[in-house]
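The values are calculated or read from the model by the stated rules, or taken from the named source; none is laboratory data. Just so it is clear, the model here is predicted, and its values are computed rather than measured. Here Cβ is always computed from backbone atoms with ideal geometry, including for glycine, and neighbour counts include all displayed protein chains. Just the protein is used for accessible areas: all its heavy atoms, side chains included, with ligands, DNA and RNA removed. Shrake-Rupley method; radii C 1.70, N 1.55, O 1.52, S 1.80 Å.
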Amino acid sequence: MNAVFRRAYSTKTLIPPNVAAATKVSGAGKDAQLASLVSFYKNLPKGTVEPPKPSGLFGRYKARYIDGDNASVTPLLHLIFGVFVIGYSIDYHFHLKHHKNVEHH
């Protein structure tokens with residue numbers, strides 16, 4: 001196996017680098033990097049995140065009928081009704097409207 005593949009599939013890539021090791025932090029250049037890292041983590045928001053409000057037609061439909069405690073069979077009934085309406089409208093357009101007031105064939 002090639003060395004590149006061995007490196008790519010090794011478990012070493014899953015272990016993060018040790019940012020705060022004493023040997024890595026010594027020196028003036030490293031102090032600035034560590035200070036920017038600390039300020040970054042201090043500015044991150046704390047606490048729990050409020051769930052985002054659903055937006056769009058499908059997002060509101062999903063929040064109302066599919067997600068969480070509101071899960072129900074209603075989307076399945078909507079699907080059955082939609083297939084029926086589409087099927088009937090296709091039948092009407094291609095066959096039934098031609099036989100409104102006339103005998104069948």
How do 61-68, 31-38 rank on mean C-beta neighbours within 10 Å, highest first? 61-68, 31-38
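With a Förster radius of 41 Å, plug the Cβ-Cβ distance of K97 and D69 into 1/(1 + (r/R0)^6) and report the FRET value to the nearest 0.05. Don't skip to the end; give the middle numbers.
Numbers: r = 45 Å, r/R0 = 1.10.
That gives a FRET efficiency of 0.35.
Could you calculate the contour length gain from K42 to F84, that is, 0.36 nm times the residue separation minus the distance between their Cα atoms, to one decimal place in nm?
Details: separation 42, 0.36 × 42 = 15.12 nm, distance 5.71 nm.
The span from K42 to F84 would gain 9.4 nm if fully extended.
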In sequence order, what are the phi-derived ³J(HN,Hα) couplings for segment 75-89 according to the Karplus relation 6.51 cos²θ - 1.76 cosθ + 1.60 with θ = phi - 60°, rounded to whole Hz, with x for glycine and proline? x, 5, 5, 4, 5, 4, 5, x, 5, 4, 5, 5, x, 5, 5
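Ranked from the most accessible area to the least, with a 1.4 Å probe and all protein chains present, what is the order of T48, T74? Before the final figure, lay out each step's value.
Values: T48 140, T74 40 Å².
Per-residue accessible area, sorted high to low, gives T48, T74.
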